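The values are calculated or read from the model by the stated rules, or taken from the named source; none is laboratory data. The structure presented is a predicted model; accordingly, all values stated were derived computationally and were not measured. Every residue, glycine among them, receives a Cβ derived from its backbone with ideal geometry; neighbour counts consider all protein chains shown. Areas reflect the complete protein model, heavy atoms only, side chains present, ligands, DNA and RNA absent. Shrake-Rupley method; radii C 1.70, N 1.55, O 1.52, S 1.80 Å.
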Amino acid sequence: MTQESGYIPDLFDAPETEPVRAPDTAAEALALLDDWVEREWIRALDHAFAAFICTMVGEQGERPSAMLALLAAMVSHQVGRGHVCLDVNLLCQATEPTLVLPPEGASSLPPDSLRPSDLFADASPDQLLDALRSSSAVGNGEHGTPLVLDGSRLYLRRFWRYEQAIAAGIRARLDNPPVLADEALLGEALDALFGRTDEPDYQKIACALAARNRFSVITGGPGTGKTTTVVNLLAALQSVACESAGAGEASPYLRIRLAAPTGKAAARLSESIGGAVDKLPLENLPGRPDKSAIPTQVTTLHRLLGSRPGSRSFRHDEDNPLPLDILVIDEASMVDVDLMASVFAALPAGARLIMLGDKDQLASVDAGAVLGELCQRAEKAHYLPETARWLQSVTGCPLPPELVDLEGQPLDQGVAMLRKSYRFDEHSGIGVLASATNAGRLDRRMVDQCRQQFFEDVAWLAPEKGPHRRDGKDGGVALLADHALTGSPERFSNNGVGRLVNDEPVEPPVGYGHYLRILKDQKPEAAVNDVEGREPWDAWATDVLKAFNHFKVLCALRQGPFGVEGLNREIAERLRRAGLIDQIEGWYAGRPVLITGNDYNLGLMNGDIGVTLSVPWDRDEAGEPVETLRVAFPSSDGSGTIRWISPSRLQSLETVYAMTVHKSQGSEFTHACLVIPDRLTPVLTRELVYTGITRARHWLSLVVSQEGVLKEAVGRGVIRASGLARLLV
């Protein structure tokens, strides 16, 4: 208006704004999704899938709705976050916690932008489900629609099929138990392996339960004896097979294969299972099975199935099943639904599958939490009375009444939980912290005990409050870099000296200076240029790699002052200033590297770790030895050999003084340093803290700048949307 109209504008009048309007058309929804991609809320892949769905239904004469486009993008987004599906009910009840949108650290929204909560919080589940049912892109699984709606769960078709295949494979094995030729023979073998006791021996019970089924799960925390249990199980099964074999059979033994999701998990299991086999009292077992009947070589699941580079398919499938009678999968918590479905496809119908793992660890990086879902009821067992009677008759072990349930489900009868830790007693801070974290309780008393060195195996590091030191470095980061150099034995009770575990002395805690001193002090002097003369170098590399695993910094985040990227630089700089490495950029002797992508040509898998070493294997024009860099990797087959690879041949990798807790799964370190960031983020959960704590075998350092962040994290559990457990009821 003008002054002539009689109105003088008030300088303090706020301009009127149009209310934010939800998209009415698919085109408007795709434009909104494009804005979310630009702000790094969702992936470009999520937007592309929504656009594909809109195009597909448009070509069929259907007018795509805005809600269909948004829901298609959200189910793709959830798969990218590890969920198998999108639960529409949860989406409406708690939109932002379900989607974790906006994500931590994403660019802020302008006033006229929409949040997911603006779109879904006011919608009812029935409205969204009706919109999905009316679309030709959504089906019930009977037809080839790209989206499948199962109850309130919306799936990408591929992941719905994975769940169906896994559930069908488990049901078929639970419904068709193996024929035990002589149960008394099994009991005799178990008695020879475990002895007799009036108390419940959960390892013995787990062996009997697994022997009774073609599908079984053995779960337990660190130190509960999962490896010992499965070795005894295999010995018992081979004992029964050998004693029951008819005359003239070519081989009485069952064909057994051992596998793990990653190379480092396979190598660790190979080492531990070899030691366990050596201790077996085979001469006391029925049939006296030969030691060679128990395999000690562990391979990765990808190698076992026969990976096809550039393809999701494997050489072994329904048409070319694996030649085995028993498959044991260790660290099963790391197996996603895609890989697990491939395992079931490749298993012969009569083969047994035995899964080992810690149900409370982080789930796989990719979609699914298979082990966690299968073990939801493991705490209370829910064994049917008939199962309990059978177990007692075979093992001689009475089951506590609270583990028996008249309404136990078929899956319950194949799941065994190990309940006693042989590594951590009531005086171990690692064990106490792991149990408290698992229960979601971390109180002031426990924190004070850690601070005051009450636990001899736990050190508490509290970074300086306040911004930075005089040299511009963050005080907390500098403290952590110093700790990484030495392991700070002075922060542990009695400087870590004189500690016994199971009556065996434990060396004091160390940092990265330990492996770098071995690298320099124990380097062979002989210059060789042939394979036969490399034994001293292989032995040296083995010692360096073993020493490198004595200590590891574990982070929740990749970025930020307490993230992997920044800490790798700071720790390298601290080691350089100590004179232990020559540089921090590029390739140098002592640089540890983590492989971040599968390389089938080199035989390296995502998660494999090697150390760069300088070896005099080249020659100059005069024939004199010339130092050259090679990266030493332990063999993934558990043979203990070393693979020497030129740095120029390595593609996907990163320096690994610090690594994420996710990447550390399947590993174990003598001394683990868990870094809790100074802010709460979506990835910081109870499962992550528990997994980080339990990577420590003998010593644990906790770096905590904000106690409240740690307590909040322990109070938050991960729930991955999935329907697998429901399919097995």
- Query: Within the range 123-154, how many residues are outside any loop (DSSP other than H, G, I, E, B) and of a type outside the set (A, V, I, L, M)?
  - Reply: 8
- Item | Odd one out for A211, checked against (1) part of a helix (DSSP H, G or I); (2) more than 24 Å from the chain's Cα centre (by Cα); (3) over 26 Å from V404 (Cα atoms) | (3)
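So which residues in the range 581-638 are out of contact with any strand residue (DSSP E or B) (no Cβ under 8 Å at 6 or more places or on another chain), of a type in the set (D, E, K, R) and within 18 Å of Q522 (Cα to Cα), if there are any at all? Steps first, answer last, please.
The initial filter retains those residues of the range 581-638 that are out of contact with any strand residue (DSSP E or B) (no Cβ under 8 Å at 6 or more places or on another chain), namely 581-586, 597, 599, 601, 621-624.
Checking the rest, the ones that are also of a type in the set (D, E, K, R) come to 582, 585, 599, 621, 624.
The answer is D582, and nothing else.
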- Identify, from the list V432, V394, the residue that is within 31 Å of the chain's Cα centre (by Cα), crowded, with 20+ Cβ neighbours inside 10 Å and not basic (K, R). V432
- For residues in the range 348-376 being in a helix (DSSP H, G or I) and of a type outside the set (D, E, K, R), which is most open to solvent (accessible area, probe 1.4 Å)? G372
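Looking at the range 686-708, is at least one residue of a type outside the set (D, E), without any contact (Cβ under 8 Å) to a residue 40 or more places away in the chain and either in contact with a Phe, Trp or Tyr (Cβ under 7 Å, 6 or more places away or on another chain) or closer than 24 Å to V447 by Cβ (or both)? First the steps, then the outcome.
Just the residues of the range 686-708 that are of a type outside the set (D, E), to begin with: 686, 688-706, 708.
Restricting the remaining residues to those that are without any contact (Cβ under 8 Å) to a residue 40 or more places away in the chain gives 706, 708.
Checking the rest, the ones that are also either in contact with a Phe, Trp or Tyr (Cβ under 7 Å, 6 or more places away or on another chain) or closer than 24 Å to V447 by Cβ (or both) come to 706, 708.
Within the range 686-708, one or more residues are of a type outside the set (D, E), without any contact (Cβ under 8 Å) to a residue 40 or more places away in the chain and either in contact with a Phe, Trp or Tyr (Cβ under 7 Å, 6 or more places away or on another chain) or closer than 24 Å to V447 by Cβ (or both).
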- Item | Candidates L86, L99, L90 - the one that is open to solvent by less than 50 Å² (accessible area, probe 1.4 Å) and within 17 Å of D126 (Cβ to Cβ) | L86
- Among the residues of the range 164-214, the number that are open to solvent by 60 Å² or more (accessible area, probe 1.4 Å), farther than 17 Å from A349 by Cα and out of contact with any Ser or Thr (no Cβ under 6 Å at 6 or more places or on another chain) is 7
- Note on the structure: Of the residues in the range 28-68, those that are free of Cβ contacts under 8 Å to residues at least 24 places away in the same chain and of a type in the set (A, V, I, L, M) come to A31, V37, A44, A48, A51
- Query: Among the residues of the range 533-566, which ones are outside any loop (DSSP other than H, G, I, E, B), of a type outside the set (F, W, Y), open to solvent by less than 50 Å² (accessible area, probe 1.4 Å) and more than 13 Å from P634 (Cβ to Cβ)?
  - Reply: G533, K552, V553, L554, C555, V564, G566
- Message: Please go through (1) touching a Leu at 6+ places or on another chain (Cβ under 8 Å); (2) modelled with pLDDT under 95; (3) among the hydrophobic types (A, V, I, L, M, F, W, C) for L190 and return the number of the only condition it doesn't satisfy.
- Response: (1)
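Given the structure, is G408 more than 24 Å from T197 (Cβ to Cβ), in a loop (DSSP other than H, G, I, E, B) and at pLDDT 90 or above? Full working, then the answer.
On the way: more than 24 Å from T197 (Cβ to Cβ): yes; in a loop (DSSP other than H, G, I, E, B): yes; at pLDDT 90 or above: yes.
Yes; evaluated as a whole, the condition is true for this residue.
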- Taking the range 713-729 on its own, how many of its residues are over 28 Å from R171 (Cβ atoms) and either over 22 Å from the mean Cα position of the chain (by Cα) or open to solvent by less than 20 Å² (accessible area, probe 1.4 Å) (or both)? 2
- Message: Suppose we filter the range 283-315 for residues that are crowded, with 18+ Cβ neighbours inside 10 Å and either of a type in the set (S, T, N, Q) or more than 18 Å from I273 (Cβ to Cβ) (or both); how many remain?
- Response: 9
- Pull up the range 579-611, narrow it to residues that are touching a helix residue (DSSP H, G or I) at 6+ places or on another chain (Cβ under 7 Å) and in a strand (DSSP E or B), then point me to the one that is nearest to F669 (Cα to Cα). I609
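Would it be correct to say that D425 is free of Cβ contacts under 8 Å to residues at least 12 places away in the same chain, among the acidic types (D, E) and assigned to a loop (DSSP other than H, G, I, E, B)?
Working: free of Cβ contacts under 8 Å to residues at least 12 places away in the same chain: yes; among the acidic types (D, E): yes; assigned to a loop (DSSP other than H, G, I, E, B): yes.
Answer is yes for this residue.
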- Note on the structure: Those residues of the range 251-281 that are open to solvent by 20 Å² or more (accessible area, probe 1.4 Å), part of a helix (DSSP H, G or I) and not small (G, A, S) come to a total of 4
- Condition set part of a helix (DSSP H, G or I) and small (G, A, S), scope the range 21-49, selection nearest to E96 (Cα to Cα): answer is A29
- Mind listing whichever residues of the range 671-700 are of a type outside the set (D, E), more than 17 Å from P561 (Cβ to Cβ) and either open to solvent by 20 Å² or more (accessible area, probe 1.4 Å) or touching a Gly at 6+ places or on another chain (Cβ under 8 Å) (or both)? H671, A672, P682, T685, R686, T694, R697, H698, W699, L700
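For the range 584-602, what are the residues that are of a type in the set (A, V, I, L, M) and touching a Leu at 6+ places or on another chain (Cβ under 7 Å)? Don't jump to the end; show me each part of the working.
Step one: list which residues in the range 584-602 are of a type in the set (A, V, I, L, M), which gives 584, 589, 593-595, 602.
Passing the criteria: A589, V593, L594, I595.
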- Message: I'd like to know if the range 157-165 contains one or more residues that are under 26 Å from E59 (Cβ atoms) and in contact with a helix residue (DSSP H, G or I) (Cβ under 7 Å, 6 or more places away or on another chain).
- Response: yes
- Go through (1) under 28 Å from E668 (Cα atoms); (2) touching a Leu at 6+ places or on another chain (Cβ under 8 Å); (3) open to solvent by 40 Å² or more (accessible area, probe 1.4 Å) one by one and return the number of the condition D443 breaks. (2)
- Query: Looking only at residues in the range 571-601 that are open to solvent by 30 Å² or more (accessible area, probe 1.4 Å) and among the hydroxyl-bearing types (S, T, Y), which one is farthest from A478 (Cα to Cα)?
  - Reply: Y600
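Of everything in the range 309-347, what is of a type in the set (A, V, I, L, M), outside any helix (DSSP H, G or I) and in contact with a Ser or Thr (Cβ under 7 Å, 6 or more places away or on another chain)? Give them in sequence order.
To start, the set of residues in the range 309-347 that are of a type in the set (A, V, I, L, M) comprises 322, 324, 326-329, 332, 334-335, 337, 339-341, 343, 345-347.
Checking the rest, the ones that are also outside any helix (DSSP H, G or I) come to 322, 324, 326-329, 335, 347.
Within the range 309-347, just V335 meets the criteria.
Looking only at residues that are β-branched (V, I, T) and touching an Asp or Glu at 6+ places or on another chain (Cβ under 9 Å) in the range 475-525, which one is surrounded by the most Cβ atoms within 10 Å (Cβ to Cβ)? First the steps, then the outcome.
So in the range 475-525, the residues β-branched (V, I, T) come out as 477, 486, 497, 501, 506, 510, 518.
Adding the requirement that they be touching an Asp or Glu at 6+ places or on another chain (Cβ under 9 Å) leaves 477, 501, 506, 518.
Working: V477: 23, V501: 15, V506: 18, I518: 18.
The residue in question is V477.
Could you list all residues from the range 223-250 that are assigned to a loop (DSSP other than H, G, I, E, B) and at pLDDT 80 or above? Walk me through how you get there before you give the answer.
Here is the first cut: in the range 223-250, the residues assigned to a loop (DSSP other than H, G, I, E, B) are 223-225, 245-250.
Selection gives G223, T224, G225.
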- Task: For the range 667-721, enumerate the residues that are part of a strand (DSSP E or B), out of contact with any helix residue (DSSP H, G or I) (no Cβ under 8 Å at 6 or more places or on another chain) and either among the charged types (D, E, K, R) or within 29 Å of L99 (Cβ to Cβ) (or both).
- Result: R697
